[in-house]
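Taking it in order: structure first as structure tokens, then the write-up.
The numbers here are math on the coordinates, done by the rules we state, and not lab data. The shown structure was predicted, so the numbers you read here are calculated from the model rather than taken from an experiment. Neighbour counts run over all protein chains shown; Cβ positions are idealised from the backbone, glycine included.
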Amino acid sequence: MNIVVSSDLDSGSGSSSDYQIQLADEVAQLAFGERLARLLPAGVSIFLRGDLGVGKTTLCRGILRGLGHQGNVKSPTYTLVEPYDLMGQMVYHFDLYRLGEPTELEYMGCRDYFDGSSICLVEWPEQGEGVLPEPDLELEIQAEGRGRRLFCRALSAAGQAVVAQL
């Protein structure tokens, strides 16, 4: 696995809340997701950004595996959210790509998922802007050659604690 790690490169601020990593392939992306999962406290929310097909669901699959899920992970594109009960830890995987309007999240009781104890993974969070709460971590994935560059930004104290351990 080829992983190159750099801290604080994308902001130039010297802040400990930014992190980036080069991931050579899908295997590296899954491994990073598993590693990240081991650092996540209950109640954390993560927004995943990136172009279509860049690997947001792959990263979610790695996170879910790292949290103990052993089955298939499908993108909840049509259902909007897929729940996972992993040894008593609720994890909600959202894919908002097909969301018509952010207010649709209100109708489905979206705020109940972000209850301070569940882990929420949200793909295409810009579709729910104005309704979704602020995330603890924001992950942006960019294609770079055959691999991916992942930028991680902590937006809360919980997020900063995770980034500090990466």
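Can you list residues whose amide H is under 5 Å from LEU166's amide H, if they're 5+ apart or on another chain and H is modeled 1.01 Å from N?
Placed amide hydrogens put nothing under 5 Å from LEU166.
Evaluate the relative contact order of the chain (contact order divided by residue number), counting alpha-carbon pairs under 8 angstrom at least 6 apart; express in whole percent.
Numbers: 348 pairs, mean separation 49.8, N = 166.
Answer for the chain is 30 percent.
Per DSSP H run of at least 4 residues, take -39500 (n - 2.57); add these up for the chain, divide by its residues and hand me the 222 nm value, nearest 500 deg cm²/dmol. Don't skip to the end; give the middle numbers.
Values: 5 runs with 41 residues, N = 166.
My calculation for the chain gives -6500 deg cm²/dmol from helical runs alone.
Under the rule a/c < 1.5 gives rounded, and otherwise a/b versus b/c splits prolate from oblate, where does the chain land using the Cα gyration tensor?
rounded
Which FRET efficiency value, to the nearest 0.05, do you get for ASP25 and ARG111 by plugging their Cβ-Cβ distance into 1/(1 + (r/R0)^6) with R0 = 41 Å? If you can, show how the numbers build up before the last one.
Values: r = 37 Å, r/R0 = 0.91.
About 0.65, to the nearest 0.05.
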